[in-house]
Amino acid sequence: MNRTFLRIISLIALVCLAIGCFAGCNETPEDTTGSTAASGTGTEATEALGEFIDYAAQLKLDMTSDTKKVEVTVKTYVDGDTTHFNIDESEIEGGVLKARYLAINTPESTGKIEEYGKKASNFTKETLSSATSIIVESDDSNWNIDSTGSRCLVWVWYKTDDMEDYRNLNLEILQNGLAVASSTANNRYGDTCMAALNQAKAFGLNLYSGEEDPDFYYGDAQELTLKELRTNIESYSGCKVAFNGIITMNDSNSVYVEDYDEETGLYYGMTVYYGFNLSGAGLEILTVGNEVRIVGTVQYYETGGTWQVSGLTYRQMKPDDPDNIQKISEGNTAAFTLTDPDTFANGTVDIEVNEETVTLDYAELVLSTTVEMTDLYVVDVYTTSNTDSSSYGAMTLTCTVDGVTISVRTVVLYDDNGDMITASAYLGKTIDVKGIVDYYDGTYQIKVFDDSYITIHD
């Protein structure tokens with residue numbers, strides 16, 4: 001290879017390097033957050049952006065305007081942009097205003113969980129919890145209803161003891177970057193709302209930070225609540241899901257998990273089959289009383305005619321793996337919701353599913369949750385008599401109360417002396433029971449796992 005050829009090769013390399021550097025320096029980076037934040041970090045960025053404006057302090061509540069305004073108290077916290085308020089019945093029939101906040105849309109935290117959804121929900125709850133006065137305001141002279149037909153579109157104002165003026169919570173949520181626009185410019189305070197939203201984007205706050213939400217799991221499972229899973233179970237068939245709940249019972253390589261939903265006032269539950277895949281630390285996570293993040297696959301259990309979640313994993317060397325089951329807290333107790341037998345056997349619940357109101361059987365909704373019933377009179381007892389069965393000695397108690405029939409299924413029960421408890425202990429007696437809502441052979445029943453959960457009346 002001669003020197004002239006080498007010089008040519010070197011010259012070509014230099015030209016290519018120069019072109020590459022020029023292109024790299026002038027490339028415009030993709031804006032993945034929608035933020036208009038100035039370049040730079042820390043003090044440099046703050047100086048470039050200027051002083052942060054507290055728009056929620058600048059906007060004032062005009063009590064003389066023609067909008068409807070009424071003082072309320074919180075009945076139920078739902079999520080970042082929805083709260084149920086107690087209101088005078090002269091304003092709203094029934095005395096409950098289901099408020100959907102105007103101008104904002106916070107990430108989901110009550111159905112499918114989205115990034116920053118929990119933070120937005122907690123922000124609303126913590127803010128209103130500290131308020132000594134809350135006023136809801138309509139956008140015009142009427143209480144306007146949203147597309148669901150059940151929620152009022154309102155502005156929410158609050159004040160604490162150390163505040164002279166009310167602050168607008170809708171605006172404050174936008175200001176903190178915890179919501180996206182929802183007809184934000186097309187309402188009474190549109191200009192101020194847009195200014196607050198654009199400022200949140202410019203400062204890169206929360207949703208507009210481009211950073212991961214520390215309260216969100218970034219695995220391949222769909223993050224949701226037990227309410228969402230229970231009310232839309234068929235749509236998740238075969239899907240990998242993740243949800244939080246309290247472990248209430250452990251039986252036959254399965255645990256029962258329940259979680260409370262403030263909006264409906266119900267507990268929702270799920271049977272979780274862990275099989276033989278877990279050991280050691282993984283099994284310890286599934287201890288009764290632990291609040292746990294369950295990650296697994298939704299499956300229909302043909303034999304039992306019910307749904308369950310299975311395929312749980314725990315990688316001890318990677319405890320923070322988002323596909324792991326994880327313990328959140330310990331020392332929790334099962335709800336054992338005191339339940340009216342007639343409601344259990346015949347009751348229905350109107351519930352919003354995918355923004356439509358549907359009517360579901362009460363017992364179906366509370367399947368796999370813990371309940372308590374009192375004053376059940378045992379009229380018949382069936383005992384499993386197959387000696388080759390692991391259920392040999394288990395009983396089904398047929399009970400009546402006020403003309404309603406309730407089935408109570410037990411595992412094999414033993415007394416303090418280790419002797420099997422038989423039908424004679426309960427037949428013809430009035431009892432109180434605590435157990436799990438179970439489904440067997442087309443009937444919803446209460447399944448009891450310990451003799452201490454059956455109290456015989458004197």
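Of the trypsin sites (Lys or Arg not before Pro) found in the range 293-345, the ones in coil according to DSSP and having at most 13 other Cβ atoms within 10 Å of their Cβ are ARG315. If R0 equals 22 Å, the separation of the Cβ atoms of ASP88 and ASP62 corresponds to a calculated FRET efficiency of about 0.60. With a 1.4 Å probe rolled over the protein heavy atoms of all chains, the accessible area of TRP143, TRP157 falls in the order TRP143, TRP157, largest first. Exceedance of the 23 Å cut-off in Cα-Cα distance is limited, within the set LYS68/LYS118; LYS68/LYS112; LYS60/LYS119; LYS98/LYS159; LYS69/LYS227, to LYS68/LYS118; LYS68/LYS112; LYS60/LYS119; LYS69/LYS227.
Distance between the 7 Å Cα→Cβ label points at TYR440 and SER183: 5.2 nm. Between ASP415 and ILE328, the contour length at 0.36 nm per residue exceeds the alpha carbon distance by 27.9 nm.
Think of each Lys and Arg Cβ as +1 and each Asp and Glu Cβ as -1; about the Cα centre, that makes the dipole of the range 57-128 roughly 220 debye. Extension gain, THR160-VAL288: 0.36 nm per intervening residue step, less the Cα-Cα distance, totals 42.1 nm. Helix 117-129 axis versus longest C-alpha principal axis of the chain: approximately 80°, rounded to the nearest ten. Per residue of the chain, the DSSP helices (runs of n ≥ 4 H) give a summed -39500 (n - 2.57) that works out to -5500 deg cm²/dmol at 222 nm.
Across the alpha-carbon set of the chain, the Rg to Rh ratio works out to 1.11, Rh being the Kirkwood radius. Label positions at MET194 and VAL96, each projected 7 Å from the Cα along the C-beta direction, are separated by 3.7 nm.
With Cα atoms defining each centre, the range 93-133 and the range 192-211 are spaced 19 Å apart in the structure. The Rg/Rh ratio of the range 293-417, with Rg taken over Cα atoms and Rh as the Kirkwood radius over Cα pairs, comes to 1.04. The share of accessible area on the chain that comes from carbon and sulfur is 46 percent, using a 1.4 angstrom probe. Looking at the range 194-267, the pairs of alpha carbons with a distance over 15 Å make up 71% of the total. Of the peptides 97-108, 78-89, 385-396, the order by per-residue mean of other Cβ atoms within 10 Å, starting with the highest, comes out as 97-108, 78-89, 385-396.
Note on the range 120-199: along the principal axes its Cα atoms extend 35, 29, 23 Å, ordered by decreasing extent. When the Cα positions of PHE336, VAL412, SER254 are compared along the charge dipole of the chain, SER254 comes out farthest toward the positive end, with charges on each C-beta of Lys, Arg, Asp and Glu. Could you tell me which trypsin sites (Lys or Arg not before Pro) in the range 370-458 are loop residues by DSSP with no more than 11 other beta carbons within 10 angstrom of their beta carbon? Here no loop site has a sparse enough neighbourhood.
Extending 7 Å from the Cα toward the beta-carbon at both ASP388 and TYR218 defines two label points whose distance is 5.6 nm. With no solvent and one point per C-alpha, what does the Debye sum give as log10 I(q)/I(0) for the range 41-168 at q = 0.16, 0.22 Å⁻¹? Relative scattering, expressed as log10 I(q)/I(0), comes to -0.87, -1.39. Between the beta carbons of ASN253 and ASP361, assuming R0 = 25 Å, the FRET efficiency works out to 0.35 to the nearest 0.05.
The values are calculated or read from the model by the stated rules, or taken from the named source; none is laboratory data. Just so we're clear, the structure is a prediction, and the values are computed from it rather than from any experiment. As a convention, Cβ positions derive from the backbone with ideal geometry for all residues, glycine included, and neighbour counts pool all protein chains shown. Ligands, DNA and RNA are excluded from the accessible area calculation, which covers all protein heavy atoms including side chains. Shrake-Rupley method; radii C 1.70, N 1.55, O 1.52, S 1.80 Å.
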